[in-house]
Amino acid sequence: MNDAMSFTPAPRRRRRIASQRRVLWTGINLATALAGAIGALGARFTLLSDGSATAEALQAARARLDEVIAEQQAIGSELEKVEARLGAYERATVHPDWSILLAYISRVGAGTITLDGFVLEPVDGESERHKAYTVGLNGRTSSQNSVTEFVLALEQSKVFSSTELIRSGRGTSGSFTFAIRCTLGRPATDRDEGEAE
């Protein structure tokens with residue numbers, strides 16, 4: 001499974017999946033129509049088998065039946081490819097909508113903070129059901145107070161289970177730089193300790 005982070009907004013991902021599902025169902029409907037055509041040919045063979053059918057008509061009907069079967073097999077293999085593509089696409093794109101988190105962090109620091117970096121990594125050893133992520137933020141601002149206010153706002157938002165100021169200091173251009181690490185979700189060790197109590 002692909003663990004890459006997806007910043008594509010959820011509505012766009014849903015539209016893509018819906019489009020691929022329409023293609024898949026079109027193929028299924030076509031295969032069903034072909035199966036109906038085969039049934040109609042079978043009924044025709046039964047009607048012609050009362051002795052009035054000529055050998056040529058029977059041969060032509062068999063040839064057409066072989067063509068229909070070949071077409072159905074081709075559509076079946078095409079459907080398998082579409083299903084495989086759709087499955088791969090869903091595995092690669094069905095992630096939390098990280099664009100919401102990024103927009104939220106931007107709003108928290110709006111007007112005072114300039115973000116230079118945003119790193120999102122899954123915490124090792126986490127199950128898919130209880131996944132935790134480390135969010136790394138670095139940037140700059142005009143004062144040390146702005147850094148402190150930003151860290152406190154992130155902490156008080158309750159979005160993150162932990163918020164930690166890693167580094168803060170005066171930059172070369174007179175601005176203050178910072179690095180912050182947040183945890184989104186509770187890592188397994190924290191959950192185990194909480195449950196043990």
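Readers should treat all values here as calculations from the given coordinates under stated rules, not as data from a laboratory. Computed from a predicted structure; not experimentally measured. Glycine gets a Cβ as well: all are built from the backbone with ideal geometry, and neighbour counts include every protein chain shown.
Tell me the net charge near VAL151. Cut-off is 15 Å between Cβ atoms, VAL151 excluded, with +1 for each Lys or Arg and -1 for each Asp or Glu. Once all neighbours under 15 Å are counted, the net charge is +1. Working from Cα pairs under 8 Å separated by at least six residues, relative contact order for region 103-173 is 29 percent.
With K and R counted +1 and D and E -1, the other residues having a Cβ less than 13 Å from that of ILE180 yield a net charge of -1. Between ALA110 and SER168, the modelled label-to-label distance comes to 2.3 nm, taking each label 7 Å out from Cα in the direction of the beta carbon. Here the simple spin-label model places points 7 Å from the Cα toward Cβ, and for ARG21 and ASN145 these points are separated by 5.3 nm. Summing Lys and Arg as +1 and Asp and Glu as -1 over all other residues whose Cβ lies under 14 Å from the Cβ of GLN72 gives a net charge of -4. Between the beta carbons of ARG12 and GLU90, assuming R0 = 22 Å, the FRET efficiency works out to 0.95 to the nearest 0.05.
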